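Before any comments, here is the structure.
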Amino acid sequence: MATHWTLGCDAADPHRLAAFWARAFGYVAEPGYEDDNGASIIDPEGKGPAIGFLRVPEGRTAKNRLHIDVRVAGGPPWDTVDRERRIRSSATDLVVAGASLVREQTYGGQFAHLVMLDPEGNEF
């Protein structure tokens, strides 16, 4: 049996970052978790891990060593046209929510994925 786990994240504004990632994943605020210096989001279906955000005084100083890949197109096998459409549609929504687009990645001349930053500059 797998162990339940929570992804812990440092943040300058934990509530803003939690709201962003809740939108990205279709998560909701964790009921009963109320803290001015922290926020927690959960999968409403109880399948994915919880994600916690804690306020820290220092800013990010280097590139992420860990990042999240948002798989909005599901798993393989993919219809490549539909996969790209889903990724671009999700990216547009996330930009509205505060993300920024860094670059488009291709492999062998084919669209592969988008590299983005969340509202606090963390790569995903």
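A short reminder: the numbers here are calculations on the coordinates, not readings from a lab. These figures come from a predicted structure and were not determined experimentally. Here the Cβ positions follow ideal geometry from the backbone for every residue, glycine too, while neighbour counts run over all protein chains shown.
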Can you find a residue in segment 98-110 that is without any contact (Cβ under 8 Å) to a residue 24 or more places away in the chain and closer than 26 Å to HIS4 by Cβ? no
Filtering segment 29-56 down to residues that are outside any loop (DSSP other than H, G, I, E, B) and within 13 Å of the chain's Cα centre (by Cα), which residue is nearest to PRO119 (Cα to Cα)? PHE53
When you look at LEU66, is it surrounded by fewer than 19 Cβ atoms within 10 Å (Cβ to Cβ) and free of Cβ contacts under 8 Å to residues at least 12 places away in the same chain, yes or no? yes
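Could you look through segment 39-60, keep only residues that are surrounded by fewer than 20 Cβ atoms within 10 Å (Cβ to Cβ) and in contact with a Ser or Thr (Cβ under 7 Å, 6 or more places away or on another chain), and pick out the one that is farthest from PHE20 (Cα to Cα)? Walk me through it before giving the result.
Going residue by residue through segment 39-60, those that are surrounded by fewer than 20 Cβ atoms within 10 Å (Cβ to Cβ) are 43-50, 54-60.
Imposing the further condition that a residue be in contact with a Ser or Thr (Cβ under 7 Å, 6 or more places away or on another chain) reduces the set to 49-50.
Working: PRO49: 16, ALA50: 14 Å.
Only one residue fits best here, namely PRO49.
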List the residue pairs whose Cβ atoms are under 6 Å apart, where the first residue sits in segment 5-16 and is part of a strand (DSSP E or B), the second is of a type in the set (Val, Ile, Thr) and surrounded by fewer than 16 Cβ atoms within 10 Å (Cβ to Cβ), and the two are 6 or more positions apart or on different chains. ASP10/VAL56
